[in-house]
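Here's the structure, in structure tokens; my notes come after.
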Amino acid sequence: MGSPIAMTRPDPTPILELRNLEVCFDTRAGIVRGLRGVSFALEPGKTLALVGESGSGKSVTASAVMGLIQLPGAITGGDILWKGESLLGRAGARRAARLRGKQMSMVFQDPMTSLDPLMSIGAHLVEVQRRHLGLSRRAAAARGAELLDAVGITDPARRMGQHPHELSGGMRQRVMIALAIACEPELLIADEPTTALDVTIQAQVLDLLADLQRDMGLSILLITHDLGVVAGLCEEVAVMYAGEIVETGAADDLFGRARHPYTQGLVRATPRLTDRSERLVSIDGAPPGLLDPPSGCAFAPRCPQTTGACAARPPLRAAPGGHGAHACWNARPAAWEPAARPVQKASFA
Amino acid sequence: MAQFLIRRALQGMLVILGVTLVVFVATRMVGDPVQMMLPLSASAEQRAAFSQQLGLDQPLGTQFLAFVGDLLRFDFGDSLWQRRPAIEIVLTKLPRTLELIAAGFGFAVILGVPLGALAAMRPDGLWDRIIVSLSLIGLSVPQFWLGLILVMVFAVGLGLFPTSGSGSLSHLVLPALTLGIPSMARIMMLTRSSVIAELNQQYVRTARARGLPFAHILFGHAMRNALVPVLTLAGWEVISAWAGYTVVVETVFAWPGLGMTAMGAINHSDMFLLQAIVFVVALGIVLVSLLLDLLYKLIDPRIDLA
């Protein structure tokens with residue numbers, strides 16, 4: 001788990017880089033190890049997806065980057081680098097405070113509860129612009145209406161005066177996105193931005209993110225458990241399991257050529273329109289508790305191809321002769337390869 | 001809005017009518033003013049004449065209709081005890097009680113809300129422990145006992161304030177504290193738990209992710225949301241002081257307000273004065289709860305008054 005894994009060319013300085021990041025939660029039951037050494041790098045203008053099931057540490061990773069880990073949680077090891085400079089420690093925290101909400105911003109999972117119910121949409125937009133851009137109230141309000149227009153909200157002047165409860169979930173998520181891009185950030189972290197939305201609205205919101213990325217040159221860290229979303233929006237994928245990254249690679253490659261048995265299981269568990277078999281394949285068992293994580297491979301108890309080597313923790317190693325990396329002693333192509341892609345790219349365009 | 005106000009006005013009138021009916025019946029069942037007012041040696045004819053003069057010889061229904069008729073003209077009859085119009089007595093005592101409630105309640109809110117918020121900023125921290133312990137004491141102390149202890153310490157012992165009576169600001173301090181301390185403790189505890197709950201809300205997390213400073217999030221977002229339940233409690237505090245606690249406090253401190261007058265009216269079987277007092281108190285409660293509803297609407301746009 002030594003050096004970070006650069007996922008494509010290591011040439012441009014990554015906008016965001018995590019090095020062996022560890023996060024612990026000191027709970028009554030004991031110390032829960034939420035992140036157990038997470039490393040990845042995100043290059044400017046790219047989209048990286050963090051995928052994995054609930055509790056795998058995706059959201060904790062996002063919270064750590066945004067500086068939102070609160071007691072009883074704490075970052076206990078590793079580093080977070082913004083354009084090569086650490087965001088941890090005393091000086092790093094000051095740097096992070098200047099970036100937060102301005103150069104890096106975040107869209108959350110649940111738009112229903114993410115806005116202050118007592119404040120109008122306009123007041124939210126004015127507040128963040130006054131804070132970070134030093135605009136006057138009037139200028140911030142005018143620009144706020146433009147932002148609402150840019151995220152596809154009709155009749156923005158009227159919406160500015162409305163309160164969150166007067167808007168639908170999809171509209172609120174658009175407002176959250178408008179707030180996130182209000183100060184023209186370089187990095188947008190989207191934590192399951194479509195999970196709480198209707199399927200048709202999901203596609204619209206993802207299209208919006210893709211458009212914004214193209215127009216603003218955003219780098220996006222997308223957290224999701226939906227592989228369809230990944231295929232449509234992302235270039236790079238990192239698969240998380242039990243607080244660590246088990247496989248990384250280009251989105252185009254990963255689904256067809258997954259090497260880690262967990263990724264293979266995830267791909268197989270994704271419903272496909274092209275597949276006529278009646279049963280969905282699932283991965284037996286449950287992820288290990290992170291209160292006392294296994295010393296060896298965390299996936300071994302559920303893995304169909306364990307060997308004696310799995311008693312030791314496998315490092316994330318570059319795959320021989322190819323793209324990406326995986327943390328498995330026995331990595332091999334999936335038995336069912338080559339399969340059709342799980343979801344066709346741009347299926348929601 | 002207009003519809004809401006009209007409906008509330010009609011409801012309020014019903015409430016006041018109901019309360020006056022209860023008091024009307026109760027005062028006539030509990031004591032006989034004729035027995036109280038006339039000397040033991042009075043003859044049966046004198047008693048009958050006095051009873052007739054007050055209208056007490058009429059059937060209860062007739063009496064009540066006459067009472068309601070007078071009430072519409074704001075005429076509550078003459079006090080039996082003080083021999084002047086009952087409403088006049090009430091109006092001279094009313095400002096003293098309002099003064100006491102304003103001082104006690106003001107103290108409770110001005111200290112209770114900020115201290116509750118301070119405790120909430122770091123649950124289980126030093127300030128939180130101190131504040132919670134103090135409010136537990138404030139919550140458990142009976143009001144009459146608190147009043148007596150305050151008198152013993154600050155008036156008798158230290159001589160800082162007068163023991164009782166009214167007339168100056170220093171007279172107001174101890175009764176206002178007696179009225180306000182338990183109230184403050186309750187407001188403090190509720191503000192604390194309410195602010196803690198709000199600080200754990202998702203919108204606080206998103207506000208932090210937007211890079212807003214903690215003080216801004218606390219005062220600009222969390223406090224305002226936290227105040228909705230606190231407002232409910234504050235309204236209850238005012239109403240219960242107005243309709244009850246002032247009786248205790250005014251009696252302990254000989255504060256010449258409505259509460260003490262009500263005690264006197266009961267002791268003298270002065271049904272007319274008591275009816276006037278209860279009417280004014282009921283009117284006050286109706287007005288305070290109307291004001292509360294309007295304040296809710298002001299704070300929370302989701303509340304629909306219609």
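The values are calculated or read from the model by the stated rules, or taken from the named source; none is laboratory data. Model, not experiment: these values are computed from the prediction. Note that we place each Cβ from the backbone using ideal geometry, even for glycine, and neighbour counts take in every protein chain shown. Heavy atoms of the whole protein, side chains included, go into the accessibility calculation; ligands, DNA and RNA do not. Shrake-Rupley method; radii C 1.70, N 1.55, O 1.52, S 1.80 Å.
Here are some notes:
- Boolean, B:LEU71 is part of a loop (DSSP other than H, G, I, E, B) and either in contact (Cβ under 8 Å) with a residue 40 or more places away in the chain or open to solvent by 80 Å² or more (accessible area, probe 1.4 Å) (or both): no
- For segment A:109-128, the set of residues classified as open to solvent by 10 Å² or more (accessible area, probe 1.4 Å) and either over 16 Å from B:ARG302 (Cα atoms) or small (Gly, Ala, Ser) (or both) consists of A:GLN109, A:ASP110, A:SER120, A:ALA123, A:VAL126, A:GLU127, listed by residue number.
- Verdict on B:ALA243 being over 30 Å from B:ILE130 (Cα atoms), open to solvent by 10 Å² or more (accessible area, probe 1.4 Å) and either within 14 Å of chain A (Cβ to nearest Cβ) or out of contact with any His (no Cβ under 7 Å at 6 or more places or on another chain) (or both): yes
- Residue within segment B:244-263 that is in a helix (DSSP H, G or I) and closer than 25 Å to B:LEU5 by Cα present: no
- Residues of segment B:115-138 satisfying the condition of being open to solvent by less than 70 Å² (accessible area, probe 1.4 Å) and assigned to a helix (DSSP H, G or I): B:LEU115, B:GLY116, B:ALA117, B:LEU118, B:ALA119, B:ALA120, B:ASP128, B:ILE131, B:VAL132, B:SER133, B:SER135, B:GLY138
- Residue match in segment B:194-204 (condition: more than 13 Å from chain A (Cβ to nearest Cβ), surrounded by 20 or more Cβ atoms within 10 Å (Cβ to Cβ), part of a helix (DSSP H, G or I) and not aliphatic (A, V, I, L, M)): yes
- Matching residues in segment A:201-220 - criterion: being of a type in the set (Ser, Thr, Tyr) and surrounded by fewer than 17 Cβ atoms within 10 Å (Cβ to Cβ): none
- Subset of segment A:161-214 (residues that are of a type in the set (Gly, Ala, Ser), away from chain B (no Cβ under 13 Å) and part of a helix (DSSP H, G or I)): A:GLY169, A:GLY170, A:ALA203, A:ALA210
- When segment A:313-330 is limited to residues that are at pLDDT 80 or above and in a loop (DSSP other than H, G, I, E, B), the one that is farthest from A:MET240 (Cα to Cα) turns out to be A:TRP329.
- Among the residues of segment B:205-223, not a single one is surrounded by fewer than 17 Cβ atoms within 10 Å (Cβ to Cβ), β-branched (Val, Ile, Thr) and at pLDDT 90 or above.
- Total residues in segment B:142-153 satisfying the condition of being open to solvent by 30 Å² or more (accessible area, probe 1.4 Å) and in contact (Cβ under 8 Å) with a residue 24 or more places away in the chain: the figure is 2.
- Residue pairs whose Cβ atoms lie under 8 Å apart, sitting 6 or more positions apart in sequence or on different chains, and linking a residue in segment B:174-197 that is within 15 Å of B:ARG122 (Cβ to Cβ) to a partner that is of a type in the set (D, E, K, R), are B:ARG192/B:ASP128.
- Lone qualifier among B:ILE277, B:ILE239, B:ILE266, B:ILE217 - being under 22 Å from the mean Cα position of the chain (by Cα) and either assigned by TED's automatic domain parsing to the domain that holds B:GLY55 or without any contact (Cβ under 8 Å) to a residue 40 or more places away in the chain (or both): B:ILE266
- Single match in B:LEU274, B:LEU231, B:LEU227 (criterion: within 14 Å of chain A (Cβ to nearest Cβ), part of a helix (DSSP H, G or I) and buried (at least 19 other Cβ atoms within 10 Å of the Cβ)): B:LEU227
- A:PRO156 meets the conditions (1) in contact with an Asp or Glu (Cβ under 8 Å, 6 or more places away or on another chain); (2) within 13 Å of another protein chain (Cβ to nearest Cβ); (3) modelled with pLDDT of 90 or more; (4) open to solvent by 10 Å² or more (accessible area, probe 1.4 Å) in every case but one. The failed one is (2).
- On the stretch given as segment A:222-248, residues that are over 17 Å from A:GLN202 (Cα atoms) and out of contact with any Asp or Glu (no Cβ under 6 Å at 6 or more places or on another chain) total 13.
- Test: residue in segment A:14-21 that is in contact (Cβ under 8 Å) with a residue 40 or more places away in the chain and surrounded by fewer than 14 Cβ atoms within 10 Å (Cβ to Cβ): no
- Applying a threshold of 8 Å to beta carbon distances and a minimum spacing of six or more residues, or different chains, the list of pairs starting in segment A:252-276 at a residue that is in a helix (DSSP H, G or I) and ending at one that is among the aliphatic types (A, V, I, L, M) and modelled with pLDDT under 75 reads A:GLY256/A:ALA339; A:GLN264/A:ALA334; A:GLY265/A:VAL281; A:VAL267/A:ALA334; A:VAL267/A:ALA339; A:ARG268/A:VAL281; A:ARG268/A:ALA334.
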